[in-house]
Amino acid sequence: MHSWFSSHTRTAPKYAYAMGYVHGLRHLHARGRRCRLVWTPHVEHSRALILEAAQQCAKHERVLVIGSGPLYDVPVAQLSWRFAEVVLADIVHLRRVRQKVRGYKNVRLVTIDVTAMGEALYD
């Protein structure tokens, strides 16, 4: 099946489509673009909190961001400079996200359902 969804989320597990994860992330991305001005304070605050936590790390070997989403509030560039490896984990990574991190040699996308419930519920 080739559709807008599959071309944007080719690494998503089958159940992620059926259970609406792909659809939800696509809409979150669109809403973020549409509501950019209203979301700016929240996004800036979230990015600042992440960077503050990163500064407090004694080691800078690896950082894991669980639920990285469309990356609006994840300061990828700054994390990439600070850590040897940046792992962005989510159940779906849209093509836009994969393209954005492509230029960072130390950023890795991991497709995972951290709840371990999606596939079980789907089955």
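Numbers at a glance
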{"item": "Per residue accessible area of the chain, 1.4 Å probe, in Å²", "result": "64 Å²"}
{"item": "Contact order relative to length of the range 74-123, as percent, for alpha carbon pairs under 8 angstrom and 6 or more apart", "result": "40 percent"}
{"item": "Computed E for residue 61/residue 99 - FRET, C-beta separation, R0 35 angstrom, nearest 0.05", "result": "0.85"}
{"item": "Label-point separation in nm, residue 116 to residue 44, each point 7 Å along Cα→Cβ", "result": "4.1 nm"}
{"item": "For the chain: relative contact order, % (alpha-carbon pairs under 8 angstrom, 6 or more apart)", "result": "30 percent"}
{"item": "Helix axis angle, 36-55 relative to the chain longest principal axis, alpha carbon, degrees", "result": "60 degrees"}
{"item": "Highest average packing first - 98-110, 78-90, 47-59, Cβ atoms within 10 Å", "result": "78-90, 98-110, 47-59"}
{"item": "Rounded percent of accessible protein surface that carbon and sulfur make up, the range 1-120, 1.4 Å probe", "result": "56 percent"}
{"item": "Helix 21-34 axis, angle to the chain major axis (alpha carbon atoms, nearest 10°)", "result": "50 degrees"}
{"item": "Compactness of the chain - radius of gyration and Dmax, Cα, Å", "result": "15.1, 47"}
{"item": "Computed [θ] at 222 nm, deg cm²/dmol, the chain (DSSP H ≥ 4; -39,500 (n - 2.57); rounded to nearest 500)", "result": "-14500 deg cm²/dmol"}
{"item": "Net charge of Cβ neighbours under 15 Å - reference residue 51; Lys, Arg +1; Asp, Glu -1", "result": "-1"}
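The values are calculated or read from the model by the stated rules, or taken from the named source; none is laboratory data. Being a predicted model, the structure only gives us computed values, none of them experimental. When we count neighbours, we look across all protein chains shown, and the Cβ atoms used for this are built from the backbone with ideal geometry, even at glycine. Each accessible area value is taken on the protein alone, full model and side chains, heavy atoms only, with ligands, DNA and RNA left out. Shrake-Rupley method; radii C 1.70, N 1.55, O 1.52, S 1.80 Å.
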